[in-house]
Structure formats: C-alpha cells, structure tokens
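Asks: Take a look at the following structure, please.
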Amino acid sequence: MKLYAPENVRTVALVGHGGCGKTTTCETILHFAKATERLGNIESGTTVSDYLPEEKERLISIAASSLHFERDGNLFFLLDTPGYADFFGEVVCCLRACDAAVLVVDAASGIEVGTAKVWGILKEQAIPYAIFVSKLDKENTDFLAVASNLAQVFGPECVPVLLPIGKESSFSGVASLLDGNGMDSLEGEVKDRATSFKDRVVEVATEGNDALLEKYLEGQELSQAEICEGLKAAVKERRLVPVLCGSAQKQLGIREMVQALEVLLPSPANRGPVASEDGQQQRLPDANAPLSALVFKTVTDPYVGQLTYFRIFSGTLRTNGEVFNASKKQKEKCAHVYVLQGETQTEVEAAGPGYVAAVAKLKSTSVGDSLSSPSEPILFRGIAVPKPVVSMAVHPKARGDEEKVSTGLAKLAEEDPTFRVIRNAETKELVVEGMGDVHLDVMMSRLKNKFKVEVDLFTPKVAYKETVTAVGEGHEKHKKQTGGRGQYGEVFLRVEPKGRGEGYEFANELKGGVIPTNFVPAVEKGINAALEEGVLAGYPVVDVRAAVYFGSFHPVDSSEIAFKIAASKAFKDGMSKARPVLLEPIMNVTVTVLPEFMGDITGDLNGKRGRILGMDQMGNMQIIRAQVPQGEMFKYSSELRSRTGGRGSFEMEFSHYEEVPAQTAQRIIQDAKKKPDEQ
C-alpha cells in the first residue's frame, strides 16, 4: 500500500443502535470496493468485522473492527462499532479516532435508544456525521417518515441527499441529488418532494460561501463540483447532516454512499490542526510534521502479546521507528506497522495522517495514551470511557487457579477500559465490573478461551458500613492473672456521631495521668481494630469520634496489649449504647428509555427504594435521574432489558452512604449472623 496524502484519506466510524445494519453495510462496502473477494454474512459467521468467537456465537458485534479500502485514488478507513449497549465503550473510543461518522438508522425501527445515545456524543464532541437509513427493502418502511423524524429530533440540518427509488419489495436503488443520477426514476411522494430537497441542498451549499451565494442569488446554475465543495464545508461545520439511504443486504445505494463519504465527509486535511490537552500545542495533518497519534484500542493475545491500535494525527510512522509515549513518559519501539482488515494484519512501510494503524508488543502503552515524536512530544486529551454499571464476584472453578484468574482478568482489563477488576478490601471478594451482564459473560468467555481458566460469578456482597446516631459511654477493665506477670488495663471512652463522610476521629481527653502517655497509642490501636468490625453485623465503622477520658493502670501488670484489648472492648461497649445503624451505598442512576416505558421504569425504581430526582428529554428519548441503593441494582441490567425489550440503557455511579431503613437493616443483620452453610 502506498502512502496516501492527508487530503486523500477518510477516517469514518459507523455507529448506531444494535441490529441497525452497520456490520452488513461495512461488509457490502468492502465487497463493492473489491477489498474482499466474497460477501460475508453475519449468520454464517463469515464477515470481516465480526471475527471473534463470541461474536460468531451471539451474532452481534462485540468489539470495534478496523477496516480499509482504496478507491479512485483515496484511502478509506472504516471503524465498525458495536451497537449493543454493553459495549458502548468501544464506540466512545472509536469516535476519538475518526474525522467523521455515519449514524446508521434502521428504516423500519427509526430512532432507537442507541441511536439517540450515539447522537448525544456526536453533538457533544462536535463530530461531523452523515446518516444512512438502512434496510429500505424491509416491509413497513417509509423513508420520508424516517427523514422527517430525523429532522424533527436531531435538527433541520438533517437533509436527504439520496432518495429511494421504489418502496419495500419494489425498492430498486437510489437517486442522488449530488449528481442527478437516477432522479428520473423517482416515484410518488418522493418524486414530489425531490425538488424541495434539492433546493435545500443548494441553499446549504451556498450559505457559507459568498461567491456561491452571489452566483445562486443571480439565478446562475451551480456546478456539481461547486455544490459538493459547499456541502463539504457545511458538513464539517455541522450545518448539514446529509441523509443517505439504501439496503446493504440488497447491495443497493452502496456506490452512492461511498461517493458521499468521499465528497462530503472531511479528510484529515479538512479537519485541520489537533490541539494538545492544555491547548498550548497544535499538530497540523502534515506527513512531514512531528509524529503524533492517539491510542484508542488494544487487543491482548496470549501468544503474540498486545496489539495496539492508534490514529495518526500528524507526521509519518515508519517500520522500525521509535515513538514517545507522552502519557507514560516512556519510549517505545515499533518494529512493524500494520493496517488491519478485521483480524488480518497487513504490514506497511509507513502510515501518515488519518491512518488507523497498529503495532505489536508495546510494553507500557494503553488506551487513551498519546504517542509522538521523541524529540517533540505532545499530550492529547485522554478518552473518558463510560463507567461500569454491573458488578459480580469471581470465584475460580478449580482450586489453585487464583493466580491464573487474577493474571487473565488483569490482561482483559488492559484490553477493555470499561472492564475493571478490584479486590474489595471490605468484603474480601475479587469483583469484576462491566457495562452489563452480557459484557461480563463475554469477558468470562474470553478468560476461558484466551487464558484457559474458568470461573463462577456470584452476586457480590454489598459494602455496608456501620455508624452511630447518639452518644454512648463505653468501659472495659481488662484484668488477667496467669501466675507470673499479669495483664491490666482499664479504659473509659465516649463514642459520638460525626457528619456523614467526615470519617473517624480519635481524641485524647485524659487528665492527671490516669493512663500513662506511653499507653495512649495502644488505646488508639485498639479502637482502630474495633472499627474494622461493628457491633451490628460486623461491617466497618465510619463517621464516629472516640474520646478516651478516663482509665487506670497497674505499675507492673499494665502493657500495650492490655490497653489495646481494653480499648477495643470499651469501644464496642460504647458503640452498642450509641444507637448504632447500618449504612448502605447509594448510587446515582440515569436511565434512558422511550416515552412509552416511562411509567413502568419509574414505578420499578420506586419499588427498589429509589428516589426520582428528575426527568429530561434527549431527542425523542426520556432520561430518568434517580438515586437507588446499590443492593437493589445488581441485576438491573437484565431487568431493564426485559422491561424495555432491549430498548433502554442506564448509567450508574456511586453517590454517598445513607442509613438503611429499620426493616431492611434487620434482615441484613440476620443474614450476617448466619453461619456460612446457612446462607
């Protein structure tokens, strides 16, 4: 492959709701461009994009794939992203690597939850994009209705530039407003609306160009090249979202779609300079400029090591080149540079601005890192991936596999930034966190396939805590005689509540030397030990003040261990008299659903002891904001999918701790006191 100039490169991510047709569209584009010899099929597991065993088994895209093809002197990079909500982190990462996106919309389903969610990111990050209305050969499809809804929900800048010829079973192709091809074949209402769409396209093309506007107002006819140039500027500035249409399954509208990608979507040269995180540096999309790139994906293979995907913003990376990881402050060696076609790696001598390339065996590089020339480093803004919403405790199936499990999970976490592995010090569990139950199921399958180790998943324990709501006096005299030197220590202390989140405080209020100064640290150590297990259910104690104010000692028998034991028991005595309560973690929950599910979802959240904080609207989607106890949310991913038919999504993060209601607390305490074989 030759090295293409930045103006001849297009880097585009295909995004959308699950099942809208992204992978089939990519497959058909590659076949049309003669980048593949045969047309793959999802059901038979032969697509270029979905090559993972988990993808073939579930018939959905799980990981983003990098694809490419050459056509008419241009090089196109396509990033095929998952549409399933559990793998939304892949979408977020890929959008940082592209210059533009194509939002794929199922003509029969219209705007869905995933459509609106991706559109929100495109809007937030000001990414130019086009919309491809797919599957127009399906029954009950109406392109004009979909186009009207797109303009109503996403804005009037959504304007068709391709129009369908025929409907459903008679759908036979598309007509282009860009070159006029096929316009004579339009039928019915689409033909009636074609003139107004054409007028709107020309108006948008002239809005940002004074010369074209003057020519247009004088009644002169604009050339196709002039219209396309004006439209490209409008797309870059997001004054236009071109609406395309077709059927990848029937291979209709694909040629016109590729043409639109070429003439309407920005190249790296059109995109312009990319700024550093602090805004103090810029990199122009110039092959001769210092190298700069952003890592957006890594794949770990137990045999060949880590494969790192990155997007080049400036400069040229060549075989056996050296790069500087500005995020980790370390140099890395790039022995071979690859471009990817799904899982197939093709080595290239060089990669320039706009390229999506990969290198193997980088030692310290991870997702979100900035790579640059060692002599002129630059640090770009990292990638903020969604936070996990589902947690499960992990137990190895076979004894002795603990280390293999930990190593494998750590490798998987490096590969997927939305997958986390934590050792919960409070509950003593190894916990995995992900974007949904399907996400975790896939990661456990990878653990088995890649690292040959199997695990069982269980609902994790809630990290409850204990505190007090009143003042309690505690006392303990530890006296033990063993024949020789005995043990003696007496402690009086006071346990008081503190504000939520203020933590623990130790106070020394002793007077008159009733406890020698050298034994006070032992008293504090004893209280610290008692804090690890409260008096209600053995959970850690927080937000209390413990003040030691009196005691006694023996000149011979007193020791550090005696005062440590006395202080620990005195604290528990005082806590038991200070109206102890359980605290539970409360989560901020944001649920996105279609309006028809609002009542069901809010009722369900209320039933989980949740508080509805407010509701917002994003496009045609409703957003519900609530606070819900963590213990009620462990299975919410599958529950929400069941209630909405897969047309809902949610995000969740920790908010604060608050007191558990008495009835619920009683059940938790009873469960905690059961023997392990009774639970």
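The values are calculated or read from the model by the stated rules, or taken from the named source; none is laboratory data. This structure is a prediction, so every number in the text was calculated from the model and none was measured. When we count neighbours, we look across all protein chains shown, and the Cβ atoms used for this are built from the backbone with ideal geometry, even at glycine.
Let's see how each residue does on (1) part of a loop (DSSP other than H, G, I, E, B); (2) touching a helix residue (DSSP H, G or I) at 6+ places or on another chain (Cβ under 8 Å); (3) at negative phi:
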residue	(1), (2), (3)
GLU7	no, yes, yes
HIS31	no, no, yes
ILE42	yes, yes, yes
GLY45	yes, yes, no
LEU67	no, yes, yes
LEU78	no, yes, yes
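Asks: Which is of a type in the set (A, V, I, L, M), in contact with a Leu (Cβ under 6 Å, 6 or more places away or on another chain) and closer than 30 Å to PHE132 by Cβ, of LEU294, LEU265, LEU244?
Replies: When all the criteria are applied, what remains is LEU244.
Asks: So, one more: Given (1) more than 30 Å from VAL491 (Cβ to Cβ); (2) without any contact (Cβ under 8 Å) to a residue 12 or more places away in the chain; (3) more than 18 Å from the chain's Cα centre (by Cα), where does ASP441 come up short, assuming only one miss?
Replies: Evaluating ASP441 over (1) more than 30 Å from VAL491 (Cβ to Cβ); (2) without any contact (Cβ under 8 Å) to a residue 12 or more places away in the chain; (3) more than 18 Å from the chain's Cα centre (by Cα) leaves (3) as the failure.
Asks: Here is a follow-up. Going through VAL323, VAL359 one at a time, which residue ends up being under 17 Å from PHE296 (Cα atoms), touching a residue at least 40 places away in the same chain (Cβ under 8 Å) and within 24 Å of the chain's Cα centre (by Cα)?
Replies: Criteria check complete, one pass: VAL359.
Asks: Just wondering, is there one or more residues in the range 360-370 that are over 29 Å from VAL405 (Cα atoms), surrounded by fewer than 24 Cβ atoms within 10 Å (Cβ to Cβ) and either touching a helix residue (DSSP H, G or I) at 6+ places or on another chain (Cβ under 9 Å) or modelled with pLDDT of 95 or more (or both)?
Replies: No: the range 360-370 contains no residue that is over 29 Å from VAL405 (Cα atoms), surrounded by fewer than 24 Cβ atoms within 10 Å (Cβ to Cβ) and either touching a helix residue (DSSP H, G or I) at 6+ places or on another chain (Cβ under 9 Å) or modelled with pLDDT of 95 or more (or both).
Asks: Filter the range 80-125 down to the residues that are in contact with a helix residue (DSSP H, G or I) (Cβ under 6 Å, 6 or more places away or on another chain) and of a type in the set (Asp, Glu), then identify the one that is nearest to LEU14 (Cα to Cα).
Replies: ASP80
Asks: While we're looking at this one, here's another question. Give me the strands (runs of 3 or more DSSP E) completely within the range 121-220, filtered to those with at least 1 residues that are touching a Leu at 6+ places or on another chain (Cβ under 7 Å) and polar (S, T, N, Q), ordered by residue number.
Replies: Fully inside the range 121-220 and qualifying: 173-176.
Asks: Additional query: All but one of (1) touching a Lys or Arg at 6+ places or on another chain (Cβ under 9 Å); (2) surrounded by fewer than 16 Cβ atoms within 10 Å (Cβ to Cβ); (3) under 29 Å from ARG271 (Cα atoms) hold for GLU168, so report the exception by its number.
Replies: (3)
Asks: A further question follows. Working carefully through the options VAL541, VAL453, VAL491, find the one that is at pLDDT 95 or above and closer than 30 Å to TYR636 by Cα.
Replies: Every option except VAL541 fails the conditions.
Asks: Now for a separate question. Go through the range 374-424 and give me each residue that's surrounded by 14 or more Cβ atoms within 10 Å (Cβ to Cβ), part of a loop (DSSP other than H, G, I, E, B) and within 15 Å of the chain's Cα centre (by Cα).
Replies: If the condition is that a residue be surrounded by 14 or more Cβ atoms within 10 Å (Cβ to Cβ), part of a loop (DSSP other than H, G, I, E, B) and within 15 Å of the chain's Cα centre (by Cα), then GLY382, ILE383, VAL385, PRO386, LYS387, PRO388, VAL389, ASP416, PRO417, THR418, PHE419 are the ones that fit.
Asks: Then there's this: Just to verify a result, which residue in the range 642-664, among those that are hydrophobic (A, V, I, L, M, F, W, C) and not in a strand (DSSP E or B), is surrounded by the most Cβ atoms within 10 Å (Cβ to Cβ)?
Replies: Among those residues, the one meeting the criterion is VAL660.
Asks: Let me spell it out: the conditions are (1) modelled with pLDDT under 90; (2) touching a helix residue (DSSP H, G or I) at 6+ places or on another chain (Cβ under 7 Å), and ALA269 meets all of them except one. Which number is the exception?
Replies: Among (1) modelled with pLDDT under 90; (2) touching a helix residue (DSSP H, G or I) at 6+ places or on another chain (Cβ under 7 Å), the lone unmet condition for ALA269 is (1).
Asks: Which of the numbered conditions does GLN251 fail, given that it passes all the others? Conditions: (1) buried (at least 17 other Cβ atoms within 10 Å of the Cβ); (2) in contact (Cβ under 8 Å) with a residue 40 or more places away in the chain; (3) assigned by TED's automatic domain parsing to the domain that holds GLU124.
Replies: With respect to (1) buried (at least 17 other Cβ atoms within 10 Å of the Cβ); (2) in contact (Cβ under 8 Å) with a residue 40 or more places away in the chain; (3) assigned by TED's automatic domain parsing to the domain that holds GLU124, GLN251 is out only on (1).
Asks: From the set of residues in the range 478-507 that are under 13 Å from ALA567 (Cβ atoms) and charged (D, E, K, R), which is farthest from the chain's Cα centre (by Cα)?
Replies: Result: GLU490.
Asks: Checking ASP616 against (1) out of contact with any Ser or Thr (no Cβ under 8 Å at 6 or more places or on another chain); (2) closer than 26 Å to PHE154 by Cβ; (3) in contact (Cβ under 8 Å) with a residue 24 or more places away in the chain, only one condition comes out false. Which one?
Replies: Only one criterion in (1) out of contact with any Ser or Thr (no Cβ under 8 Å at 6 or more places or on another chain); (2) closer than 26 Å to PHE154 by Cβ; (3) in contact (Cβ under 8 Å) with a residue 24 or more places away in the chain is unmet by ASP616, namely (3).
Asks: Still on this structure: In the range 37-51, what residues are loosely packed, with under 14 Cβ neighbours inside 10 Å and within 18 Å of LEU14 (Cα to Cα)?
Replies: ASN41
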